[in-house]
Amino acid sequence: MIQAQAASGCSEQIMTLELFREDAYRTECAASVQRVCSSGVELDQSVFYCQGGGQPGDTGILVCEDDRQVRVIDTRADGDSGAQLHILGDGETPPETGEVITARIDWERRHRMMRMHSCMLCCAPWLTPR
């Protein structure tokens, strides 16, 4: 683990298992809330893709043990620690540290982004000046 005082207000990085790297078509997973920071929620594992490489971060919901749904409006890696942060919508009450939740992405949005990414990769050679 990397020790760092991150902009997220967390003092050390949690290594989130990035399930989307194993299966880009997986839409949800059970996860344990490792930490709640001022900038977001860190989970032990996630299907949410972090913003990066020109791709926007995933959006979706975290379904709490009491069936309450918490909106995730973005997913980003913290600039200082690299921790994966699930950014919550304004006014959302985060789940408790240690709570087991269901992390569920907005699949229609993710699939649109995947198709657009593939399209851009195919078109890039023709759009690049020679």
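The values are calculated or read from the model by the stated rules, or taken from the named source; none is laboratory data. Since this is a predicted model, take the numbers as computed values, not measurements. We place every Cβ from the backbone using ideal geometry, glycine too, and count neighbours over all the protein chains shown.
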- Task: Scan region 54-78 for residues that are more than 14 Å from the chain's Cα centre (by Cα) and either without any contact (Cβ under 8 Å) to a residue 40 or more places away in the chain or more than 15 Å from Ala31 (Cβ to Cβ) (or both) and jot them down.
- Result: Gly54, Cys64, Glu65, Asp66, Asp67, Arg68, Gln69
- Task: For residues that are surrounded by fewer than 14 Cβ atoms within 10 Å (Cβ to Cβ) and without any contact (Cβ under 8 Å) to a residue 60 or more places away in the chain, tally how many sit in region 18-53.
- Result: 8
- Kindly indicate whether Ile101 is part of a strand (DSSP E or B), in contact (Cβ under 8 Å) with a residue 24 or more places away in the chain and not acidic (Asp, Glu). yes
- Query: Where in region 1-98 are there strands (runs of 3 or more DSSP E), lying fully within it, with 2 or more residues that are of a type outside the set (Ser, Thr, Tyr), at pLDDT below 90 and touching an Asp or Glu at 6+ places or on another chain (Cβ under 9 Å)?
  - Reply: none
- Query: Pick from region 70-97 the residues that are in contact with a strand residue (DSSP E or B) (Cβ under 6 Å, 6 or more places away or on another chain) and exposed (fewer than 14 other Cβ atoms within 10 Å of the Cβ): which of them is farthest from Ala124 (Cα to Cα)?
  - Reply: Thr97
